[in-house]
C-alpha cells in the first residue's frame with residue numbers, strides 16, 4: 001500500500017499537458033481582465049462605491065482608489081507572462097496574489113469561477129508548468145520532457161472537485177422535483193430564436209435540463225478520466241458550456257472550463273496543440289528554432305517534497321470546505337451559511353428588499369435609510385438577500401450615523417426575500433438590533449426560518 | 001460497456017425520472033409559449049400612454065392659454081379658471097409620471113414638471129434678476145412645473161382676492177411674466193415628449209425581448225421605480241418624516257400651497273399604478289394584456305397578482321381615511337400617513353422581489369457576470 005503510494009508519487013508523465021494548460025490559462029485570464037476593464041467594471045464595481053463588503057478576516061483588503069487600476073494592470077501582465085512562460089514562478093505568484101486581492105476587495109462580486117481561478121493559480125505555484133514550451137525553458141536552454149504525474153493529476157482533481165460538488169449540490173428537491181430555478185430562467189428566454197417560444201417553455205425540458213445538469217456534473221470527471229469515454233465526455237463539456245453561455249450571462253467561465261478540461265487528454269493531443277501553436281507563431285514570422293530545439297532534450301523534472309505536501313494538504317481542505325454547510329442548522333439556501341466556496345452554482349433565484357431603520361433607542365424616534373445614498377444598484381441587489389452582507393451594511397450605517405452625531409443608534413432591518421418562486425417572506429428578525437450582533441462563523445439565530453423545507457444537499 | 005450505450009442510458013434515466021416527477025395532473029403538458037409580450041406593450045402604449053397624453057397635452061395647452069388670458073386681463077374669474085385648469089392638468093399628470101422613458105428621460109420631463117417642494121427662493125431670484133434658463137438641466141427644476149405654479153397661484157397670498165391684488169400691482173409684472181414662462185415651458189416639453197411617443201410607437205411596441213434595454217424591461221423597471229419613489233417616498237414617506245427622524249416635513253406635501261388637493265392627487269396616482277398593472281384603458285374600465293396577465297401566465301395561477309392587487313386596494317382604503325389635505329393630516333395624526341407608507345412598502349416588496357423573480361427581469365443598470 002505505502003509502496004504503491006510512493007510509486008505513484010514517483011511516476012513521471014509528459015510535461016506537455018502542463019505547458020498547454022499554462023498557455024490557455026494565462027491567455028484566458030489576460031482576456032478576462034481586459035474584458036473586465038473594457039466593460040467599465042473596475043470603475044463601477046470598485047471605484048464608484050463608497051462602501052465595500054469585506055470577507056470575514058479580510059477587512060483590510062479594500063480598493064485603493066485609482067491605484068486599483070494598477071492591480072488590474074499587474075494582474076494582466078502577470079497573466080500574459082504566465083501564458084508565455086516567462087519568469088513563470090514569479091509571474092504566477094504575482095498573478096495569484098493580485099487576482100486574489102482583487103476578488104477579496106468586495107464580496108458583492110463573489111463568483112464561484114473567480115474562486116476557482118484563485119485556487120488553480122495557487123496550485124500552479126507548486127507545479128512546473130514552465131518545464132517545456134516556455135520562454136523560461138529557452139532562456140535556461142533546458143527543457144523537461146517529463147514531470148511528476150501527480151502535478152498534472154492535481155489539476156485534474158481540482159476540476160473533478162468542482163464538477164462533482166456542483167453535481168452533488170444539485171441533488172435537492174427544488175432542483176430535481178420542481179425544476180427550480182431553471183423553470184423561471186428558461187421560460188424567460190422566450191426571445192431566443194426558434195427555441196424560445198417552443199422548447200424553452202416545455203415543462204419536460206425544464207426537468208430534463210435540471211436532471212441532465214445534475215448527472216452531467218457528477219459524472220463528467222469520471223467520463224473524462226477514462227480513455228474510452230473521454231472523447232464523448234469532451235463533446236458533452238463543449239455542448240454543456242456553450243448552452244450555458246447562450247442561456248445565462250456567465251462571462252468567461254464556459255471558455256475557462258472547456259479549455260481546462262483538455263488537461264485530461266493524453267500527451268499526444270497536447271503535443272498536437274503545441275505544434276499547432278508553433279505553426280501559428282511561424283505564420284506571424286516569429287523565430288521558433290529555439291522552441292523546437294527544446295523538444296529534443298530528455299530531462300526529468302523533480303519537484304520538492306514540500307510542494308507535494310502542500311498540494312496534498314490543500315486538496316484535502318478543498319474536499320472538506322464544501323461540506324461545512326452540514327454543520328449549520330436551518331435551510332442552507334435561505335441562511336446561506338456555508339453557501340459560498342462550495343461549488344453551488346445556479347441553484348437559486350433569490351431576490352430581496354431590505355429597508356434599514358435607524359432608531360434612537362432612548363426616544364424611539366426613527367428614520368429609514370435610502371440605500372441609494374450608500375450603495376450601488378449591484379451592491380443593493382446582492383446585499384438584500386445575504387445575511388452577512390445585511391449585517392455588515394447595518395453596522396456601517398450605524399457607525400456612519402453615530403459619527404454624524406446621532407445618539408443611541410440602533411439599527412433594524414425590514415427585509416423580505418423570495419426564494420425559487422416562493423412568495424416572499426420576512427428574512428431577518430425585525431426586532432434584532434444589528435448593532436448588537438457580530439458576524440462570526442456561528443449560526444445566525446437572527447435569520448427567521450424559511451416556512452418551507454428544501455430536502456437534499 | 002461502450003460509450004454510446006453508457007450515455008444513452010444516462011439520458012434515458014434522466015428523461016424517465018423527469019417525466020415521472022412532473023405533475024401529471026397538469027393538463028398543459030405540451031405548453032407552447034403563446035404569451036405574446038408585444039401585446040402588453042401594445043396595450044400599454046395604445047390604451048394607456050398615448051390616450052393619457054392625448055388627454056394631458058390639451059389640458060396643458062388650455063392651462064397656458066388661460067394664463068395668457070389672465071395676464072391680459074387680471075380678473076378674479078380668470079384667476080379661478082387658471083387654478084381650475086391647473087388642478088385638472090395636475091390630476092392628469094399623475095397618469096404619466098411613471099413613464100420616464102425615451103424622450104421623457106432625455107428631456108428630464110418628470111423633473112421639469114413635478115419637482116417638489118418647489119424652491120421659493122429660486123423662483124423669487126429668477127423673477128428679480130429676470131435672468132434664467134428653465135431649459136438648462138441645472139437646478140432650475142425646482143423653480144418650474146406644477147409645483148412652481150402651485151406657489152405662484154396659491155402661495156403668494158392667503159386668499160384669491162389678495163392674490164389678484166398682488167398680480168394687479170404693476171410692480172409685480174415680472175411675476176405675471178414668470179407665470180407665462182413656466183406655462184410655456186411646460187407646454188413645450190409636453191409637446192415634444194408627446195410627439196416623440198407618436199413617432200416611436202411602432203418601434204417601441206416591438207421591443208419585447210428580455211434585455212436591459214428592451215421596452216418591456218424598461219417599462220417594468222420604471223413602473224416599480226415610480227411606485228417606490230414617486231408614490232411611496234415622495235407623496236407619503238418624506239412628508240411623514242420617515243426619512244428624517246420623525247421630523248415631519250409638511251412643506252414636502254405635493255401641491256403644498258393648495259394642499260386640499262393632495263389626497264386627490266395621491267388617489268389618482270395609485271389608480272394610475274393599478275391601471276398600469278392590470279392593463280386598464282385610460283379613463284375606461286376595459287382591460288388588456290398587462291404585467292398582471294403576464295404574471296398569471298408565468299405562475300400558472302393568480303396568487304401573486306391578486307396579492308399585489310390586494311396591497312393596492314388596501315393602500316387605497318387607507319388613503320381614503322386620510323384628510324383631503326395631507327398637511328392637516330400630518331399635523332393632526334401623522335401615524336396614519338406612516339401607515340400608508342408601510343402598506344405601500346409591502347407592495348414594493350412584492351413588485352421588487354416576487355414579481356421580478358417570476359418574470360426574470362433584471363433590475364435597471366445592473367451589468368455584471370453571474371455564475
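Things to note:
- The angle separating the long axis of helix B:173-206 from the principal Cα axis of greatest extent in chain B is about 20 degrees.
- Inter-chain Cβ neighbour average for residues A:201-212, partner chain, 10 Å: 6
- Convex hull of segment A:104-242 built on C-alpha atoms - directionally averaged projected area, nm²: 12.4
- Chain B: relative contact order as a whole-number percent, Cα under 8 Å and 6+ apart: 20
- In degrees, nearest ten, helix B:326-349 long axis to first principal axis of chain B (Cα): 20
- For segment B:275-367, alpha-carbon Rg relative to the globular expectation (2.2 N^0.38 Å, N residues): 1.29
- Residue ranges A:316-326, A:175-185 sort as A:175-185, A:316-326 when ordered by packing (mean number of other C-beta atoms within 10 Å per residue, highest first).
- Packing order of peptides A:384-394, A:139-149, A:106-116, highest average first: A:384-394, A:106-116, A:139-149 (average count of other Cβ atoms within 10 Å over each peptide's residues).
- Enclosed volume per residue, in Å³, of the convex hull spanned by Cα atoms of segment B:34-208: 108
- Ranking of B:135, B:158, B:369 by count of other Cβ atoms within 10 Å, fewest first: B:158, B:135, B:369
- Whether segment A:73-176 is rounded, prolate or oblate, judged on the alpha carbon gyration tensor where a/c under 1.5 counts as rounded: oblate
- Summary of packing: across the peptides A:44-53, B:179-188, A:224-233, the per-residue average of other C-beta atoms within 10 Å ranks them, highest first, as B:179-188, A:44-53, A:224-233.
- Cα Rg, Dmax, segment B:69-134, angstrom units: 15.0, 40
- Largest mean-square fluctuation among B:263, B:112, B:103, in a Gaussian network model of chain B whose springs join Cα atoms under 10 Å apart, belongs to B:103.
- Whole-percent pair-distance distribution, where bins are 10 Å wide, for the alpha carbons of segment A:128-180: 20, 26, 21, 14, 13, 6
- For segment A:332-436, the relative contact order is 32 percent, taking Cα pairs closer than 8 Å that sit 6 or more residues apart in sequence and dividing their mean separation by the residue count.
- The mean number of partner chain beta-carbon atoms within 10 angstrom of a residue's beta-carbon across peptide A:107-114 is 2.
- Pair residue A:245, residue B:271: separation of 7 Å Cα→Cβ label points (nm): 5.4
- Counting Cβ atoms of other protein chains within 10 Å of each residue's Cβ and taking the mean over peptide A:183-193 gives 4.
- More than 48 angstrom apart: percent of Cα pairs within the protein assembly as shown: 33
- Judged by the ratio a/c of the largest to the smallest principal axis of the C-alpha gyration tensor, segment A:216-297 counts as oblate, that ratio being 1.5 or greater while a/b is no larger than b/c.
- In this simple spin-label model, placing a label point 7 Å from the Cα along the Cα-to-Cβ direction at both residue B:287 and residue A:173 gives a separation of 3.3 nm.
- Kirkwood hydrodynamic radius of segment B:252-298, Cα pairs, Å: 12.2
- Each 10 Å bin from 0 upward holds the following percent of the Cα-Cα pairs of segment B:209-362: 11, 39, 31, 16, 3.
- Chain B - Debye-derived log10 I(q)/I(0), Cα point model, q = 0.06, 0.09, 0.10 Å⁻¹: -0.29, -0.58, -0.70
- Convex hull of Cα atoms in chain A, direction-averaged projection (nm²): 25.4
- When all alpha carbon pairs of segment B:216-264 are counted in 10 Å bins from zero, the resulting P(r) reads 27, 41, 24, 8 %.
- Taking segment B:226-276 and dividing mean pair separation by its residue count, relative contact order in percent (alpha carbons under 8 Å, at least six apart): 27
- Fraction of the pair-distance distribution of segment A:332-436 above 16 Å, Cα-Cα pairs, percent: 58
- Helix B:50-72 vs. chain B, principal-axis angle (Cα, 0 to 90°, nearest 10): 10
Taken together, the values in this text are just the output of simple stated rules run on the coordinates, not laboratory data. Since we're looking at a predicted model, the values are computed, not measured. A quick note on method: Cβ atoms are made from the backbone with ideal geometry, for glycine too, and the neighbour counts reach across all protein chains shown.
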